[in-house]
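Right, I'll just put the structure down here and ask away after.
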Amino acid sequence: MAINWFKYSAPSTFYGLAGKLVPFFAIPAAVLFAIGMYIGFFVAPVDAVQGEAYRIIFIHVPASILSMFLYLIMAGYAALGLIFNTRLSSMMATALAPTGALFAFISLWTGALWGKPMWGAWWVWDARLTSELILLFLYFGFIALHASIDDPRRADRAAALLAIVGSVNVPIIYFSVKWWNTLHQGSTIKFTGTSMHIAMQQAMFVTLLACWMYAVAVALVRVRSIILDRERTTQWVSELKEIA
Amino acid sequence: MKPRQKRLMYILVGVAGLAIAVGLVLFALKNNVSLYFTPTQVMNKEAPQGRSFRIGGLVEVGSVQRQADGLTVHFNITDMVKTMPVVYKGILPDLFKEGKGVVAQGKMEADGLMHAEEVLAKHDENYMPPEAADAIKRAQEASAATEAVDAIKPAAKTK
């Protein structure tokens with residue numbers, strides 16, 4: 001029997017699947033976050049230079065990584081929607097945007113809180129900080145543009161274009177500390193290895209995983225609402241148990 | 001070509017073109033995007049003359065001198081090639097230390113000193129417990145040659 005790969009690309013079938021998947025991401029997210037915080041606060045040693053204050057890294061770095069990755073995934077979905085005219089892809093892009101914006105905001109906020117005691121400034125206009133701020137504005141722009149157009153399919157296309165154009169910013173954020181003189185330090189996690197104590201690494205990777213799980217769970221919940229909203233006039237929605 | 005292949009082509013070509021354009025703009029604005037100038041650049045007169053700019057490097061070991069008023073500090077910023085004398089009146093960040101990264105904003109005055117209005121500490125991307133840091137320090141002191149190499153490393157990385 002041939003597997004129908006495109007079965008779940010229809011909003012009506014994906015709606016149920018997404019609902020079933022949510023707990024498989026939400027529960028690990030909560031558990032992993034608790035474990036990550038425990039390792040981060042109680043197992044990881046104090047830093048030689050920065051003392052206890054460095055521990056904000058366990059939320060700052062995962063949030064920053066996710067803000068960049070989610071943007072690429074959002075732009076990817078938006079592009080799929082634009083190229084193949086698949087409604088669900090565009091809905092996924094819309095569902096991811098608020099979570100990405102949230103992580104970009106957390107990244108900037110925790111960065112400011114970290115910068116004041118360590119660098120001596122809440123904010124500097126260096127390339128890393130500025131490009132991350134632009135990323136937050138790109139998320140806002142995507143959400144605002146999508147919301148400002150009444151016809152959802154037209155909104156999808158316009159916002160997709162913005163998302164695709166904005167994706168040029170992501171490699172700029174990542175490489176900014178390499179290409180230019182910045183106050184922000186270089187990457188701790190590199191492709192060649194990590195310049196960090198092992199317990200610190202574990203705490204960071206566990207919270208990173210927790211953030212991933214959270215992002216997926218929240219996106220699935222949000223896409224279900226978007227599907228219901230957009231398909232509200234259809235037969236299958238009116239037949240749903242939770243609607244009737 | 002099917003319409004969807006056409007759309008894919010448009011997007012790929014568009015993004016590639018845009019990436020090249022942005023790349024060229026950023027390359028042209030290299031000096032404006034960078035947060036600070038190195039002492040070598042300042043000595044080569046690449047930094048703006050007569051107005052405020054930022055200079056970054058390491059605080060030269062043994063160069064920090066505090067004045068009697070307890071607020072004014074003299075120190076040198078070095079990139080291991082050239083050295084810039086700086087004077088700053090104010091509270092320094094906790095991480096300000098000899099041999100560590102620093103970024104100072106200020107103006108070159110006629111006395112040949114950089115009069116800084118703001119001094120920021122720059123830390124590196126290495127995180128380790130104090131015992132590990134001590135072990136590294138002892139190993140460095142054991143060999144003067146490795147110390148010289150390690151002192152240059154952070155400066156090379158920030159480039």
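Quick note: the coordinates plus some simple rules give every number you see, no bench work behind them. Computed from a prediction, not measured in an experiment: that's the story for all the values here. As a convention, Cβ positions derive from the backbone with ideal geometry for all residues, glycine included, and neighbour counts pool all protein chains shown.
Sticking with the crude label model, points 7 Å out along Cα→Cβ, report the distance from residue A:123 to residue B:115 in nm, one decimal please.
For the pair residue A:123/residue B:115, the computed spacing is 2.8 nm.
What's the exposure ranking of B:25, B:59, going from fewest to most Cβ atoms within 10 Å? Intermediate results must be reported in sequence, preceding the final value.
On the way: B:25 10, B:59 23.
Ordered by Cβ neighbours within 10 Å, fewest first: B:25, B:59.
Mind listing the long-range amide H neighbours of residue B:97? Cut-off is under 5 Å, sequence gap 5 or more, other chains count too, H placed in the peptide plane at 1.01 Å from N.
none
Report the Cα-based extents of the protein assembly as shown along its three principal axes, largest first, to the nearest Å.
Dimensions of the protein assembly as shown along the principal axes of its Cα atoms: 83, 47, 39 Å.
Right, another one. At R0 = 30 Å, how high is the FRET efficiency between residue A:189 and residue A:30 if r is their beta carbon distance? Nearest 0.05 is fine.
Values: r = 24 Å, r/R0 = 0.80.
Plugging the Cβ-Cβ distance into 1/(1 + (r/R0)^6) gives 0.80.
Another question, if that's okay. Most exposed first by the Cβ proxy, i.e. fewest other Cβ within 10 Å, how do A:173, B:11, B:20 rank?
Details: A:173 23, B:11 17, B:20 11.
Lowest count first: B:20, B:11, A:173.
Could I ask something else about it? Put one equal scatterer on each alpha carbon of the stretch A:66-185, apply the Debye formula with no solvent term, and list log10 I(q)/I(0) at q = 0.18, 0.22 1/Å to two decimals.
Per q value, in the given order, log10 I(q)/I(0) is -0.85, -1.12.
In chain B, how does Rg compare with the Kirkwood Rh, expressed as the Rg/Rh ratio over alpha carbon atoms?
Values: Rg = 21.6 Å, Rh = 18.6 Å.
Using only Cα positions, Rg/Rh for chain B is 1.17.
Averaged across the residues of A:181-193, what count of C-beta atoms belonging to other chains lies within 10 Å of each residue's C-beta?
Numbers: counts 17, 8, 12, 4, 9, 6, 1, 4, 1, 1, 0, 0, 0.
Counting other chains' Cβ atoms within 10 Å and averaging over A:181-193 gives 5.
Loop-only GluC sites (Glu not before Pro) in the stretch A:164-244, please: DSSP not H, G, I, E or B, and at most 10 other Cβ atoms within 10 Å.
Values: sites: A:231, A:239, A:242; in loops: A:231, A:239, A:242.
Counting only loop positions with at most 10 other Cβ atoms within 10 Å, the GluC sites (Glu not before Pro) in the stretch A:164-244 are A:239, A:242.
If you don't mind, there's one more thing I want to ask. Among B:15, A:43, A:237, B:86, which comes first, second and so on when ranked by fewest other beta-carbon atoms within 10 Å? Can you show the working numbers first?
On the way: B:15 16, A:43 12, A:237 19, B:86 24.
Lowest to highest Cβ neighbour count: A:43, B:15, A:237, B:86.
Can you grab the distance from the C-alpha centre of the stretch A:60-106 to the C-alpha centre of the stretch A:16-45, Å, no decimals?
The distance from the Cα centre of the stretch A:60-106 to that of the stretch A:16-45 comes to 20 Å.
Still on this structure, I have one more. Using 10 Å bins from zero, what percent of all Cα-Cα pairs in the stretch A:115-244 falls into each bin?
Final binned percentages: 10, 23, 32, 20, 11, 5, 0.
What is the calculated FRET efficiency for residue A:12 to residue A:52, with r their C-beta to C-beta distance and R₀ = 56 Å, to the nearest 0.05? Can you show the working numbers first?
On the way: r = 52 Å, r/R0 = 0.92.
Computed FRET efficiency for residue A:12 and residue A:52: 0.60.
What is the distance in Å between the Cα centres of the stretch A:193-231 and the stretch B:29-98?
The stretch A:193-231 and the stretch B:29-98 have Cα centres separated by 41 Å.
Counting other Cβ atoms within 10 Å, which trypsin sites (Lys or Arg not before Pro) in the stretch A:175-244 have at most 16 and lie in a DSSP loop? List each step's numbers first, then the result.
Working: sites: A:178, A:190, A:222, A:224, A:230, A:232, A:241; in loops: A:232, A:241.
Within the stretch A:175-244, the qualifying trypsin sites (Lys or Arg not before Pro) (loop, at most 16 other Cβ atoms within 10 Å) are A:232, A:241.
For B:33-40, what's the mean count of beta carbons from other chains sitting within 10 Å of each residue's beta carbon?
Working: counts 11, 6, 12, 6, 1, 1, 0, 0.
Across B:33-40, the average partner-chain Cβ count within 10 Å equals 5.
Relative to the present Cα-Cα distance, how much length would full extension add between residue B:22 and residue B:132 at 0.36 nm per residue of separation?
This chain segment gains 35.4 nm when fully extended.
Using only DSSP helix segments of four residues or longer, with each worth -39500 (n - 2.57), what per-residue ellipticity at 222 nm results for the protein assembly as shown after dividing by its residue count and rounding to 500? Write down the numbers at each step before the final one.
Values: 13 runs with 235 residues, N = 403.
Value at 222 nm, helices only, nearest 500: -20000 deg cm²/dmol.
Report the residues of the stretch B:78-92 in range of a label on residue B:67: point 7 Å along Cα→C-beta, backbone N strictly under 17 Å from it.
What the label zone holds, given the 17 Å backbone N cut-off, is B:85-92.
Same structure, new question: Quick one: plug the Kirkwood hydrodynamic radius of the stretch B:58-132 (C-alpha pairs) into Stokes-Einstein at 25 °C, 0.890 mPa s, and report D in µm²/s.
The estimated diffusion coefficient comes to 188 µm²/s.
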